[in-house]
Amino acid sequence: MTRSQKADLLRQIAQERILVKDGPYGTAIQAYRLDEAGFRAGRDFAQDQKGNNDLLNITRPDVVSAICNAYIDAGADLLATNTFNANAISQGDYGLQDRAREINLAAARITRECADAATAKHPGKPRFVAGALGPTNKTLSVSPNVNDPGFRAVTFDEVKGIYREQIDGLLDGGVDFILIETVFDTLNAKAAIVAADEAGEARDEEIPVMVSMTLTDLAGRNLSGQTVEAFWHSVRHAKPLTMGLNCSFGATELHPYVNALHPQVDGLVCVYPNAGLPNELGAYDEPPEMTAKLVKGWAENGWLNIVGGCCGTTPAHIRAVAEAVRGLRPRQWHALPPALRLSGMEAASFM
């Protein structure tokens, strides 16, 4: 089945029921309490690797597959690869910028194997694999130097290039879709979209892309200042398979922004919030039943096609969410009327 056919299948299932996305790898990896030796697993690296979660795709594939299978057992239909920081820019912090392709290829193969094994056991519940692209630790829209507003640490072409390397590794490893997630900078997301387009052209195929924005303040904007509606207008031309929100805050704080976004999207809406807001120690206290209750309200309102969890959520949260939305009618979508849709910080439409 081609990637375009996989996208069509996802849309078909999403008309019948709400699908469930998995949760984060970071929270699950922390539970293993790996020390630095545990991250490198006997490999010879020049720098300290503790905290390099993406490296585990190479050094501890057993950990990554165990986490993936835990989310599958919890009811996840859509599985994202453990590649949030598996790009040359972010891996440069660990001196592994030249290992980005290897990490992405390994991650995709691990997740693909887990997903295919689960689908073989239950053919009526196919599992899908999304290759995850994080935002990197650089921004194209904002200067890191307050004394030089025009300065940028990276160029658009550089960011596009590192995303292209990551995307090629994920596609070669067998992912179905590319997930551009936790978008705090719209221009970074556009670089990823262009990279996916170019990767598709090189392969003579259309690469389905999922886009997920993150809000950086309670005013409902990302770091580059756009509202959710303005961001959607900025990326709608790419015809993403899904559009949505993730990370940001808990479901309580995201509620008005999911409400604002879903009527604007002529496609699937995918939302995966944090388990509430972190406490003073950076931990997440929201229990699975609370997260499930909050997202169930969104589902009952007809706002969701896909729902999952981000920071602080665990397989227990994903299981509770899956149970909470089971049997509820998925969001219905339709083509939007023709209009001129523009965006700056705000959105504007002219019929």
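Nothing in this text is a laboratory measurement; each read-out follows from the coordinates by a stated rule. All values derive from a computational prediction rather than experimental measurement. When we count neighbours, we look across all protein chains shown, and the Cβ atoms used for this are built from the backbone with ideal geometry, even at glycine.
Which of G95, A118, A70 sits farthest toward the positive end of the charge dipole of segment 63-210, with +1 on the Cβ of Lys and Arg and -1 on the Cβ of Asp and Glu?
Of the options given, the answer is A70.
Can you figure out the FRET efficiency of A335 with L281, using R₀ = 56 Å and their beta-carbon distance, to the nearest 0.05?
That pair, A335 with L281, gives E of 0.75.
Given G42, G26, M1, which one lies farthest toward the positive end of the charge dipole of segment 1-88, if we put +1 on the Cβ of every Lys and Arg and -1 on the Cβ of every Asp and Glu?
M1
How large is ³J(HN,Hα), in whole Hz, for each residue of segment 292-298 in order, when computed from phi with the Karplus curve 6.51 cos²θ - 1.76 cosθ + 1.60 and θ = phi - 60°, using x for Gly and Pro?
Per residue, the Karplus-derived 3J(HN,Hα) values read 4, 5, 5, 6, 4, x, 4 Hz.
To the nearest 0.05, what FRET efficiency results for M345 and K239 with a Förster distance of 22 Å applied to their C-beta separation?
Efficiency for this residue pair is about 0.40.
With charges set only on the Cβ (+1 for Lys and Arg, -1 for Asp and Glu), what does the dipole of segment 33-108 come to about its Cα centre, in debye to the nearest 20?
Charge dipole of segment 33-108: 80 debye, to the nearest 20.
Using the Cα centre as the reference, give the magnitude of the dipole from point charges on the C-beta atoms of the chain (Lys, Arg: +1; Asp, Glu: -1; all else neutral), rounded to the nearest 20 debye.
It comes to approximately 780 debye.
Quick check: residue separation of M1 and D116 times 0.36 nm, minus the Cα distance between them. What number comes out in nm?
Difference between extended and current length: 40.1 nm.
Using the Cα centre of the chain as origin and beta-carbon charges of +1 (Lys, Arg) and -1 (Asp, Glu), tell me which of T216, G169, A348 is placed farthest towards the positive end of the dipole.
Value: A348.
Based on the mean of other beta carbon atoms within 10 Å per residue, what is the order of 195-203, 225-233, most packed first?
The packing order, highest mean first, is 225-233, 195-203.
Take every DSSP beta bridge whose two residues both sit in the chain, then give the antiparallel share in percent to the nearest 5.
Looking only at bridges with both residues in the chain, the antiparallel portion is about 20 percent.
When the helix-only estimate is applied to the chain (DSSP H runs of n ≥ 4, each -39,500 (n - 2.57), divided by the residue count), what is the mean residue ellipticity at 222 nm, nearest 500 deg cm²/dmol?
-12500 deg cm²/dmol
Computed FRET efficiency, Cβ-Cβ of Q15 and D44, R0 41 Å: what is it to the nearest 0.05?
Computed FRET efficiency for Q15 and D44 comes out at 0.20.
Gain in length, E206 to A219, computed as 0.36 nm per residue apart minus the alpha-carbon separation, to one decimal in nm?
Gain on stretching E206 to A219: 1.1 nm.
Could you give the size of the charge dipole of segment 1-138 about its Cα centre, using +1 on the Cβ of each K and R and -1 on the Cβ of each D and E, expressed in debye and rounded to the nearest 20?
380
Mind ranking 207-213, 64-70 by how tightly packed they are, going by the mean number of other C-beta atoms within 10 angstrom, highest first?
Ranking, from highest mean packing down: 207-213, 64-70.
Distance in nm between label sites at F151 and R326, each 7 Å beyond Cα in the beta-carbon direction?
Computed distance between label sites F151 and R326 equals 5.5 nm.
Where a Cα-Cα gap under 29 Å defines reach, which lysines qualify for K160, not counting those fewer than 8 residues away within the same chain?
Cα-Cα hits under 29 Å: K6, K21, K50, K138, K190, K239.
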